[in-house]
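Engineer: One structure is given below, represented as structure tokens, and several questions about it will come after.
We did not get these values from a lab; they are worked out from the coordinates using the rules stated. As the structure is a prediction and not an experimental result, all values here were calculated from the model. Note: ideal-geometry Cβ built from the backbone for every residue, glycine included; neighbour counts use all protein chains shown.
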2 protein chains.
Amino acid sequence: MALSPPSPTSFSSQPRPDPRNPPGPRANRADLFNVVRERIARHDYRPGAKLLENDLAREFKVSRAQVREAFGALESRGLILRVPNRGAEVARLDISQMFEIYDVREVLEGLCTRLAVQNTKPAFWQPLVTLFGKPMERSVKNGDFEDYIEKLQLLQRRTSEAANNRVLTDMLASIHDKTRELMRRIIILPGRANDGLQQHRAVLSAMRKGDALLAEKLKRENIRSSREFLVRYQKFIL
Amino acid sequence: MALSPPSPTSFSSQPRPDPRNPPGPRANRADLFNVVRERIARHDYRPGAKLLENDLAREFKVSRAQVREAFGALESRGLILRVPNRGAEVARLDISQMFEIYDVREVLEGLCTRLAVQNTKPAFWQPLVTLFGKPMERSVKNGDFEDYIEKLQLLQRRTSEAANNRVLTDMLASIHDKTRELMRRIIILPGRANDGLQQHRAVLSAMRKGDALLAEKLKRENIRSSREFLVRYQKFIL
DNA sequence: GTCGGCAATTTTGTTGACAATATCGTTGAC
DNA sequence: GTCAACGATATTGTCAACAAAATTGCCGAC
């Protein structure tokens, strides 16, 4: 009987490895998958861009067979679109899909926040409360969006970890892959960064008080607010 | 510039093709993926069972390369587990994962129900209200679980279609793949089928009235109730 | 100049062979 | 009888070559 193996290199998105450009030595399956995914998420590969098997095989010093295998995973994740005999291209996400994702994201992020609060002591969130205080306010005032985004991702990571739900984390990761670039464009919208900061502070305040249900409610409002900006400015973003 | 292609054979789980045993002629990529997925979902392949590349290649009359490609997709969906040089086996889902899934499922099914109501006229649900009336009561009384499950799936399908959210439908499909067998075991638990029927009736009643928020609330209660049965009887189910 | 068709090139699809690794069974020492 | 070492077998990992299809560039008719 096969015992549950130590699972050295899970393909899952869970432990995202360093997604820098491929090192000298050849990459393995998970590397290839994660690097291409990261590139799609950060729009290094633009939507609609063709992905050539040969190019990737050469770059990663692997055979085309491995590239194709990674394509299978990327396709099932909805990151690329494959047409027989015509190859693979980065999935284009139209605006209606974006709104679909927002509906799902709202309930999942809300759930994630609630679980995170339920699984931790309130004091756990104090460092993040502090981080989202004065220093973050300066970043917003100065228009330092990189810093803002970085700290936002930290909050998301901490929350996801605390939620301690692998299925949920995976789904959120999948959603974030598709929305990363859009988020960057929304954050620079006039007033969005400040609105967002206030909302995140409210969420964190509820988390700091251990009020899971309130935190969930506020988190969902935060997502809906972001969505409203997309509605209002969609002409400029796309 | 590449135009959006007609997308003849999307890999996505959306339009689930007939997943019967492979026909005489060779299968294509999507067939292989969907058939294996279906077999895992219905426990034709039991958790922990080894999947041999050669066997599948022979059965479907395709090359091993294609099997490996499908494995890439199955792995990224969490349906199989691969260990380098040791092959692929059907993912084992332990009880804690099941509870993780329940948390996610609760909010997603709730969302799905709400969207479905918002997108339809109340009268749309009348046939299902009728279906879940007397005839279904007989099925429960007679212990005809196959019929019960069949009608439940019809309700889920209609709801998912009406929700009209591809991202959501895909995630729910992915969850259902992992929980199908468990649902079957829960439904036969003493009192569960009847409890479930009453709950579904309540949900449908709210849908029939066009009360989206109430329907969502009741649907979530329905999932939580199912979860309670798992808590209470988990020793018997696993 | 535009259009259609033809050939050259590129790209994907498929296969089979070979290497690397793990698994299983056997043998033999103790 | 137990255990370790070893060899045989089975399975996965890798690759390169070939076939099939699509794309591109070119040429000539009009």
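Engineer: Assign unit charges at the C-beta atoms only (+1 for Lys and Arg, -1 for Asp and Glu), then state the dipole size of chain B relative to its Cα centre in Debye, rounded to the nearest 20. Can you show the working numbers first?
Structural biologist: Values: 42 positive and 29 negative charges, 33 e Å.
Once rounded to the nearest 20, the dipole reads 160 debye.
Engineer: Considering only the label points, 7 Å along Cα→Cβ from Cα, what distances in nm to one decimal separate A:SER96 from the same position in each other copy, shortest first?
Structural biologist: Once sorted, the set of distances for A:SER96 reads 4.2 nm.
Engineer: From the label point of A:LEU52, set 7 Å along Cα to the beta carbon, how far off in nm is each other copy's matching point, shortest first?
Structural biologist: Those label-point separations list as 4.0 nm.
Engineer: Defining a contact as two alpha carbons under 8 Å apart and six or more residues distant in sequence, what relative contact order in percent does the range B:29-90 show?
Structural biologist: On the way: 58 pairs, mean separation 25.1, N = 62.
Relative CO of the range B:29-90 lands at 40 percent.
Engineer: Let me ask something additional. What list of ³J(HN,Hα) values in whole Hz, one per residue of the range A:218-223 in order, does the Karplus curve 6.51 cos²θ - 1.76 cosθ + 1.60 (θ = phi - 60°) give from phi, with Gly and Pro shown as x?
Structural biologist: 5, 4, 5, 5, 4, 5
Engineer: If packing is taken as the average number of other Cβ atoms within 10 Å across a peptide's residues, how do B:177-187, A:55-65, B:65-75, B:160-170 rank, most packed first? Write out the running numbers ahead of the final one.
Structural biologist: On the way: B:177-187: 17.3, A:55-65: 15.4, B:65-75: 23.8, B:160-170: 19.7.
Listed from highest to lowest mean packing, they are B:65-75, B:160-170, B:177-187, A:55-65.
Engineer: Would you mind classifying the range B:176-216 by shape? Square roots of the alpha carbon gyration tensor eigenvalues, ordered a ≥ b ≥ c; an a/c under 1.5 is rounded, otherwise it is prolate if a/b is larger than b/c and oblate if not.
Structural biologist: Values: a/c = 4.39, a/b = 1.78, b/c = 2.46.
Because a/c hits 1.5 or more and a/b fails to exceed b/c, the range B:176-216 counts as oblate.
Engineer: Just B:THR130, B:THR113, B:THR159 to compare: in a GNM of chain B, with alpha carbon springs under 10 Å, which one fluctuates most?
Structural biologist: Most flexible of the set in this elastic network: B:THR130.
Engineer: Something else now. For B:ILE80, list long-range residues whose amide hydrogen, built 1.01 Å from N in the peptide plane, is under 5 Å from its own amide hydrogen.
Structural biologist: It is B:GLU75, B:ALA91, by chain and number.
Engineer: From the C-alpha coordinates alone, can you work out the Kirkwood hydrodynamic radius of the range A:29-90, in Å? Present the calculation step by step, with values, prior to reporting the outcome.
Structural biologist: Values: mean 1/r = 0.0879 Å⁻¹.
About 11.4 Å, per the Kirkwood formula over Cα pairs.
Engineer: A further question follows. Would you mind calculating the relative contact order of chain B from Cα pairs under 8 angstrom and at least 6 residues apart, reporting the percent as a whole number? Present the calculation step by step, with values, prior to reporting the outcome.
Structural biologist: On the way: 244 pairs, mean separation 54.6, N = 238.
Relative contact order, chain B: 23 percent.
Engineer: Below 30 Å, Cα to Cα, which lysines can B:LYS209 reach? Residues fewer than 8 away in the same chain don't count.
Structural biologist: Excluding near neighbours in sequence, the set is A:LYS217, A:LYS219, B:LYS121, B:LYS134, B:LYS141, B:LYS151, B:LYS217, B:LYS219.
Engineer: Amide H of A:ALA49: which non-local residues (sequence gap of 5 or more, or other chain) have their own amide H closer than 5 Å, using H built in the peptide plane?
Structural biologist: Those lying under 5 Å, H to H, from A:ALA49 are A:VAL90.
Engineer: Another question, if that's okay. Just counting partner chain Cβ atoms within 10 Å, what average do the residues of peptide B:99-106 show around their Cβ? Write down the numbers at each step before the final one.
Structural biologist: On the way: counts 2, 8, 4, 1, 8, 11, 1, 2.
The per-residue average across the peptide is 5.
Engineer: Roughly how many debye, to the nearest 20, is the charge dipole of the protein assembly as shown about its Cα centre, given +1 on each Lys and Arg Cβ, -1 on each Asp and Glu Cβ, and no other charges?
Structural biologist: Roughly 100 debye for the protein assembly as shown.
Engineer: Taking each residue of B:170-180 in turn, how many C-beta atoms of other protein chains fall within 10 Å of its C-beta, and what is the average? Can you show the working numbers first?
Structural biologist: Working: counts 5, 7, 1, 0, 5, 2, 0, 0, 1, 0, 0.
So the per-residue partner count for this stretch is 2.
Engineer: At B:ASN119, with labels set 7 Å past Cα in the Cβ direction, how many nm apart are the copies from this one, shortest first?
Structural biologist: Counterpart label points of B:ASN119 in the remaining copies fall at 3.1 nm.
Engineer: Can you give me the orientation-averaged projected area of the convex hull built on the Cα atoms of the protein assembly as shown, in nm²? Working shown, then result.
Structural biologist: Working: hull surface 98.9 nm².
Across all orientations, the protein assembly as shown yields a mean hull projection of 24.7 nm².
Engineer: Run lengths n ≥ 4 of DSSP H only: what is the helix-derived mean residue ellipticity at 222 nm for chain A, with -39500 (n - 2.57) per run over all residues, to the nearest 500? Each step should come with its number before you reach the end.
Structural biologist: Numbers: 10 runs with 158 residues, N = 238.
When only DSSP H runs of four or more count, the value is -22000 deg cm²/dmol.
Engineer: Next up: Let me have the relative contact order for the range B:74-197, percent, based on Cα pairs under 8 Å that are six or more residues apart. Don't skip to the end; give the middle numbers.
Structural biologist: Working: 67 pairs, mean separation 36.5, N = 124.
Relative contact order of the range B:74-197: 29 percent.
Engineer: Separate question: Rounded if a/c is under 1.5, else prolate if a/b is larger than b/c, else oblate: which is the range B:95-237, with a ≥ b ≥ c the root eigenvalues of its Cα gyration tensor?
Structural biologist: On the way: a/c = 1.81, a/b = 1.19, b/c = 1.52.
Judged from the Cα gyration tensor, the range B:95-237 comes out oblate (a/c at least 1.5, b/c at or above a/b).
Engineer: Continuing with this model, one more query. How shielded is B:162-168 by partner chains, expressed as the average number of their Cβ atoms within 10 Å of its Cβ atoms? Kindly include the intermediate steps, with their values, before the conclusion.
Structural biologist: Details: counts 0, 2, 2, 7, 5, 15, 5.
Mean shielding count: 5.
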